[in-house]
Each structure stands twice: as C-alpha cells, then as structure tokens.
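Computed from the coordinates by the stated procedures, all read-outs in this text should not be read as laboratory data. Keep in mind the model is a prediction, meaning the values are calculated, not measured.
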Amino acid sequence: MSTAFSKEEKAAMRAAAAEAKAAKLGADLEAACLAAISEMEGTDKELAETLHRLVGEHTSLKPKTWYGMPAYMNEAGKVVVFFQSASKFKVRYATIGFQEAANLDEGNFWPTSYAVTKLTADDQKQIVKLLQDATA
C-alpha cells in the first residue's frame, strides 16, 4: 500500500496553501468560490450551483474555497459545509460535507457527508434543513 499522496491530493494541498495566502492578503473569497464553481462541468457544476444558492438563501454562511472546493464558513471563519465534485477525485458521486463547526450532533453517531448524484426538490428541502441545523 502506497503512502504517497495522489496527484489530486497534492493539488488540493497546493490550493489550500494558496487560499490561506490569498485570505491573508484580503482576497475576494466569494469570487474565488464562484470561480471554482464556474470551472466545473456538467452535473458537478449544477450541484455546486444549487448548493451555493441554497446556502445563500437559507444561511448567513460566507462563501470561500477550501482545498480548491466551494465551501461556506461561519462568522468565526470555520468551514461549516463544503462541496467536492465527483470529477476532482475521479469518483462516481459528488459530496456535500459538513465540518466540525456544523451543529449536526445527534446522539453518539451522525453523518457528516452525503453522496450526491442529483438534487430533486425534496433533496433540496433536506439540504436546507441540514444547513439550518448546522448553523443553529
């Protein structure tokens, strides 16, 4: 088993370093998030645009990028939710994930990420509920 990082993982680490530097220099974090979404294609782009819209309409989270992915942070600057495209790591589904800053704790065991291939109206309602719970 190789312990070396993949090409995609190395690119994500470089992106994280560039994001940290840009944030210190006062970069437009929302523009970076929108640029990351605009670079996507097909279903990944549609899913990311939908998540971006839902976050903007239903939370006070602010957009940014995180390891080159669209992400949304709270007032403390902590990532609450992120989108990972399927194509980024050459997998069959995109991921909507929640970080530790998300208030989704439910007992001793709860999900922190969701595989996504499309988003119906009902799916979007579930995401809105998760977003509202995560930011409560």
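Take the alpha carbon gyration tensor of region 53-119, find the square roots of its eigenvalues, order them as a ≥ b ≥ c, and report rounded if a/c is under 1.5; if not, report prolate when a/b exceeds b/c, else oblate. Spell out each step's value before the answer.
On the way: a/c = 1.70, a/b = 1.18, b/c = 1.44.
Oblate, because a/c is 1.5 or more while a/b does not exceed b/c.
If you work out Rg and Dmax of the Cα atoms in Å from the coordinates, which of (i) 14.3, 41; (ii) 18.2, 68; (iii) 14.8, 44 do you get?
Step by step, Rg and Dmax of the Cα atoms in Å for this structure corresponds to label (iii).
My understanding is that a pair violates if its Cα-Cα distance is over 24 Å; which of Lys64/Lys88; Lys64/Lys129; Lys10/Lys78; Lys62/Lys125; Lys45/Lys90; Lys7/Lys125 do that in this structure?
Table pairs above 24 Å Cα-Cα are Lys7/Lys125.
Among Ala101, Ala32, Ala121, which one moves the most in a GNM of the chain with springs linking Cα atoms closer than 10 Å?
Ala121
Tell me the mean residue ellipticity at 222 nm calculated for the chain from its helices only (DSSP H runs of n ≥ 4, each -39500 (n - 2.57), averaged over every residue, nearest 500).
The per-residue figure over the chain is -14000 deg cm²/dmol.
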